[in-house]
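K.L.:
Following this message is one structure expressed as structure tokens.
The values are calculated or read from the model by the stated rules, or taken from the named source; none is laboratory data. This structure is a prediction, so every number in the text was calculated from the model and none was measured. Please note: Cβ atoms are built from the backbone with ideal geometry, for glycine as well, and neighbour counts cover all protein chains shown.
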């Protein structure tokens, strides 16, 4: 029987200001381009207080995960081995280490109709902390697994392997 555990801390420090200060424009035709009539504009951020692009959109994202597993192996025949196991994965909530409040847009009445969905959208400010973050309380999951190894020649020269399980 085998067993084990793990703990991971992840850091992702990002500054997206450079990506959002140069917008992307799309045009329906060469004539619209010549007339400076874009059909869409994307990737631009504007600080509503100043009307200018922000100097920094820095986020210090942090998250943690824990895992544990147990597995066993049985030799049912000289040429057939079966393994079974169970793994626990706990993904804790992401948060911002700078203690900034994140602004998100929520669509409470999402219907698939863009006009109606945008009309019902509103801004929500929240911190990404455990039990109050983006994914209330994190995700705790169990992942069962089952596999086999079979040698049809019974000589150790060939192996057919297979397995099924839930993976996160």
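K.L.:
Restricting attention to the range 131-156, which residues are closer than 17 Å to residue 80 by Cα and modelled with pLDDT under 90?
P.N.:
156 - this is the single residue of the range 131-156 that is closer than 17 Å to residue 80 by Cα and modelled with pLDDT under 90.
K.L.:
Condition first: loosely packed, with under 10 Cβ neighbours inside 10 Å, at pLDDT 90 or above and part of a strand (DSSP E or B). Now tell me which residues in the range 8-44 satisfy that.
P.N.:
9
K.L.:
If you go through the range 150-159 one residue at a time, how many are surrounded by 10 or more Cβ atoms within 10 Å (Cβ to Cβ), closer than 16 Å to residue 75 by Cβ and without any contact (Cβ under 8 Å) to a residue 12 or more places away in the chain?
P.N.:
1
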